[in-house]
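The values are calculated or read from the model by the stated rules, or taken from the named source; none is laboratory data. Please read these numbers as outputs of a predicted model, since none were measured by experiment. Here the Cβ is made from the backbone with ideal geometry for all residues, glycine too, and neighbour counts use every protein chain on show. Note: areas computed on protein heavy atoms with side chains; ligands, DNA, RNA excluded. Shrake-Rupley method; radii C 1.70, N 1.55, O 1.52, S 1.80 Å.
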Amino acid sequence: MRFAPHTADDVAEMLGRIGIGSVDDLFDQIPEDVSLRDALDLPAGVSELDIVRDMRAFAGRNRSADDLVCFAGGQAYDHYVPSVVRALAGRSEFATSYTPYQFELAQGVLQVLFEFQSFVCALTELDVSNASLYDGATALSEGVNIVSHNDRPRVLVTGGVDPRLIETLRTTTAPTDRTVDVLPLAADGSTTTDAVVDDDDVGAVVVQHPNRFGILEPVRELAQRAHHAGASLVQVFDPTSLGVLAPPGALGTDVAVAEGQSLGNDLHYGGPYLGLIAARDEHVRKMPGRIVGETVDADGAPGYVLTLQAREQHIRRERANSNICTNQTLMAIAATVYLAWLGPEGLVELGHQCASRAAYAASALTSVDGVDLRFPEAPFFKEFALRLPVDAAGVRDALVERGIVAGVPAPDVDDRTLVVAVTERRTRGEIDGYAEALAEVLR
């Protein structure tokens, strides 16, 4: 493609059309503390060789989870990605054009997406899944959309759902008649079934299990309460927990959604990730995006096609259930390879590793003077909340200088709450080192 730069007049006309004064104004939404506008300090009129050298030096100042001991979580986890994932996910059989409409040329990618859907259904014990969504937040919005009805526009979200997921849900429901109400948590950090009101305007109840603090929620009881009220239950789940926790389908969940990053995908500085979604059979016609199906060709050989596509390009726009246009094929392939490599026994072992190491970390960290569990009576999976004696964000920043990502502060709770995640990658030595560094920072 030939490079055709815009002239100054072109830029001025476009800026005037959208009502802003400069190109820099396009980036005003970026917070000042993460903006690089002034940090680059690049000289004017230098050669390409020099500017590439400067940019490489600047990029070298980044530190990834591979450079640090990472205890951060909140929908993005530092799980191990085996070499087989990259080796197989990049094979030519799975390479395809942007959209697999010519199914005769895309059998490899269609087959692996069919396997991906099958894995998600097996994990969740639900009937149907699609070929993935953009990310976990998108999946939640689409899951609520599946079960919401015009005569029941109210959505109840438990306070244990990640605030960023709630924010995304509010954004996507804003143009509709739906309202999103957040239910308070009990003192132990979980949701009480009494919080689900029996009102005839409630169409969906959303719960995250394990919740944002890693705490196990009473999903079965919440599902029963929601169904009694005539509503559906949407569960946000952690796919790495399903080797040790009951699957959503067994708990009475109607639609299950998740962030799939933890399945064979690196942290990638926050993306791209993939959304998982699964539902019961009665919701298949409202499933967003693509569903790949298995069939046979004229010779009776197995073949794969796009079976359902509930999107606005293929049907009348006003009848479309979703404007989701594609799926996260590469990340879904990686998740499929990872799950095939892991297997059922490996999934159980992964869950045990995360849970046991998190329990050890909670014990080690709360042995530091002034540090307590925020919810000491609640069972948790691989995340837990600490209450620190000082500001959590300050402790996090101080520990980064010691090579440790200490966790994720929860300022909406209070300034001293820190949520810590422990995966199978964290060793006892790393956990003990975290506790020692925390003691030094708090001394």
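Here are the numbers:
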| read-out | value |
| --- | --- |
| Any hit, segment 355-372, residues being within 30 Å of ASN130 (Cα to Cα) and not in a helix (DSSP H, G or I) | no |
| Filtered residue count, segment 155-194, keeping only those that are among the β-branched types (Val, Ile, Thr), over 20 Å from the mean Cα position of the chain (by Cα) and open to solvent by 20 Å² or more (accessible area, probe 1.4 Å) | 4 |
| Within segment 425-443, tally of residues that are in contact with an Asp or Glu (Cβ under 9 Å, 6 or more places away or on another chain) and either open to solvent by 40 Å² or more (accessible area, probe 1.4 Å) or small (Gly, Ala, Ser) (or both) | 4 |
| Per-region count, segment 258-295, residues on the phi > 0 side of the Ramachandran plot, among the small types (Gly, Ala, Ser) and not in a loop (DSSP other than H, G, I, E, B) | 1 |
| Helices (runs of 4 or more DSSP H) (entirely within segment 5-116) containing at least 1 residues that are surrounded by 14 or more Cβ atoms within 10 Å (Cβ to Cβ) and either of a type in the set (Ser, Thr, Tyr) or in contact (Cβ under 8 Å) with a residue 60 or more places away in the chain (or both) | 83-89 |
| Count of residues meeting criterion [farther than 15 Å from LEU42 by Cβ and either modelled with pLDDT of 90 or more or among the β-branched types (Val, Ile, Thr) (or both)] in segment 54-76 | 10 |
| Top-ranked residue in segment 117-154 [being open to solvent by 10 Å² or more (accessible area, probe 1.4 Å), in contact with a Lys or Arg (Cβ under 8 Å, 6 or more places away or on another chain) and in a helix (DSSP H, G or I); ranked as modelled with the highest pLDDT] | ALA137 |
| Of residues in segment 373-394 being within 25 Å of the chain's Cα centre (by Cα) and assigned to a loop (DSSP other than H, G, I, E, B), the one surrounded by the most Cβ atoms within 10 Å (Cβ to Cβ) | LYS382 |
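Yes/no per residue for (1) touching a Ser or Thr at 6+ places or on another chain (Cβ under 9 Å); (2) under 20 Å from LEU347 (Cβ atoms):
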position	(1), (2)
VAL81	no, yes
VAL112	yes, yes
LEU140	yes, no
VAL147	yes, no
VAL155	yes, no
THR158	yes, no
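Matching residues to (1) farther than 25 Å from ALA187 by Cβ; (2) within 21 Å of the chain's Cα centre (by Cα); (3) not in a loop (DSSP other than H, G, I, E, B):
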residue: ARG396; (1), (2), (3): yes, no, yes
residue: LEU399; (1), (2), (3): yes, no, yes
residue: ASP414; (1), (2), (3): no, no, no
residue: ARG426; (1), (2), (3): yes, yes, no
residue: ALA439; (1), (2), (3): yes, no, yes
